[in-house]
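Asker: Quick one: structure below, then a few questions.
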Amino acid sequence: VGKTTTITVSLVEDPDLKCSVDVQVEREKIFGFHCGYPNESDVIAVLYSNGELCFEGEGDVLQFDEGEFPWQDYDGMDDYPVTAVSFEKGVTPTSMDNWFSNIETLTYIDEIPASVRSMSYTCSGCTALTEGPDWSNCTELLNIMSVCEDCISLTSAAAIPASVRNAVAAFAGCLEIQTSPDLSGAESLVNAESMFEECKKLTAISMPPNVENISYMFAGCINLKEMPQIPDTTQYMEGTFENNISLMKLSPIPAG
């Protein structure tokens, strides 16, 4: 994605002899959706012929009702579907709630802008997405409720940022994920209800250190064999391991 991409060229006879080259990406503008806030023209979501939806310009982005974002329903969707998302450096959205939900052709999302504070349902139902969004620079991200819910092809996700407080159903229904994202540094996360519910192939997990609600967090994770250490801060555990038919090794339940 982007205007250029860096590739490495090496000599067949001597692979150590190599160099990096910036190559221009071949793409043509197909549509442009004005979506800046407060001025719509400040940010344009440009759909290119290679399937890339690039947010270009400067400033915040308008919020739309669920399912009514202009890049979710437009003439020519069958001929020019959205397959990748990228952001120019000047684009600074605050909320990305519902932005790409149910875009079944989406396979790649570039690094999320550091300005984002909420990603509720951002990628939910993106059935072709295999890797979760890279939010490593989002130091003020608070809400990832259902961010990747029902992403049935998802196999990996980035570590949960320390700022996140709400992760309800964040990865629920991700049928292919085997290892949970790193939660050890998610020190602000208090609500993880149903976070990995029905992740049927999940076998390796970590826990947020100060979590309070883990009700149904691992319900239906039928291949989970070992119960993690439950933090002393935990207060709610209703159905946490419901229907975990493979669970064999248990850990203490906190006094609270």
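The values are calculated or read from the model by the stated rules, or taken from the named source; none is laboratory data. Keep in mind that this is a model prediction, so the values were computed, not measured. Methodologically, a virtual Cβ is constructed for each residue, glycine included, from the backbone with ideal geometry; neighbour enumeration extends over all protein chains shown. The protein model used for the area step is the full one, side chains on, heavy atoms only, and it has no ligands, DNA or RNA in it. Shrake-Rupley method; radii C 1.70, N 1.55, O 1.52, S 1.80 Å.
Asker: Among the residues in the range 36-50, are any aromatic (F, W, Y), surrounded by fewer than 19 Cβ atoms within 10 Å (Cβ to Cβ) and not in a helix (DSSP H, G or I)?
Answerer: At the first step, the residues of the range 36-50 found to be aromatic (F, W, Y) are 37, 48.
Filter once more, keeping what is surrounded by fewer than 19 Cβ atoms within 10 Å (Cβ to Cβ): 37.
Imposing the further condition that a residue be not in a helix (DSSP H, G or I) reduces the set to 37.
The answer is yes, given that some residue of the range 36-50 is aromatic (F, W, Y), surrounded by fewer than 19 Cβ atoms within 10 Å (Cβ to Cβ) and not in a helix (DSSP H, G or I).
Asker: Is at least one residue of the range 170-183 under 11 Å from the mean Cα position of the chain (by Cα), surrounded by fewer than 16 Cβ atoms within 10 Å (Cβ to Cβ), among the small types (G, A, S) and farther than 27 Å from E56 by Cα?
Answerer: no
Asker: Another one. Kindly list the number of the only condition in (1) closer than 30 Å to T127 by Cβ; (2) among the acidic types (D, E); (3) in a strand (DSSP E or B) that fails for D22.
Answerer: If we test D22 against (1) closer than 30 Å to T127 by Cβ; (2) among the acidic types (D, E); (3) in a strand (DSSP E or B), just (1) comes out false.
Asker: Hey, V1 hits all of (1) touching a Leu at 6+ places or on another chain (Cβ under 6 Å); (2) of a type outside the set (D, E); (3) open to solvent by 30 Å² or more (accessible area, probe 1.4 Å) but one; which does it fall short on?
Answerer: Unmet condition: (1).
Asker: I would also like to ask the following. For the range 125-148, indicate whether the set of residues that are in a strand (DSSP E or B), buried (at least 16 other Cβ atoms within 10 Å of the Cβ) and touching a Pro at 6+ places or on another chain (Cβ under 7 Å) is non-empty.
Answerer: No, that holds for no residue.
Asker: Is one or more of the residues making up the range 79-102 more than 23 Å from the chain's Cα centre (by Cα), without any contact (Cβ under 8 Å) to a residue 40 or more places away in the chain and either over 25 Å from I144 (Cα atoms) or open to solvent by 70 Å² or more (accessible area, probe 1.4 Å) (or both)?
Answerer: Among the residues of the range 79-102, at least one is more than 23 Å from the chain's Cα centre (by Cα), without any contact (Cβ under 8 Å) to a residue 40 or more places away in the chain and either over 25 Å from I144 (Cα atoms) or open to solvent by 70 Å² or more (accessible area, probe 1.4 Å) (or both), which makes the answer yes.
Asker: Same structure again: Search the range 61-75 for residues that are of a type in the set (G, A, S) and pair each with any residue that is assigned to a loop (DSSP other than H, G, I, E, B) when their beta-carbon atoms are under 8 Å apart and the residues are at least 6 apart or on different chains.
Answerer: Between residues of the range 61-75 that are of a type in the set (G, A, S) and residues that are assigned to a loop (DSSP other than H, G, I, E, B), the close pairs are G67/D73; G67/N98; G67/S101; G67/N102.
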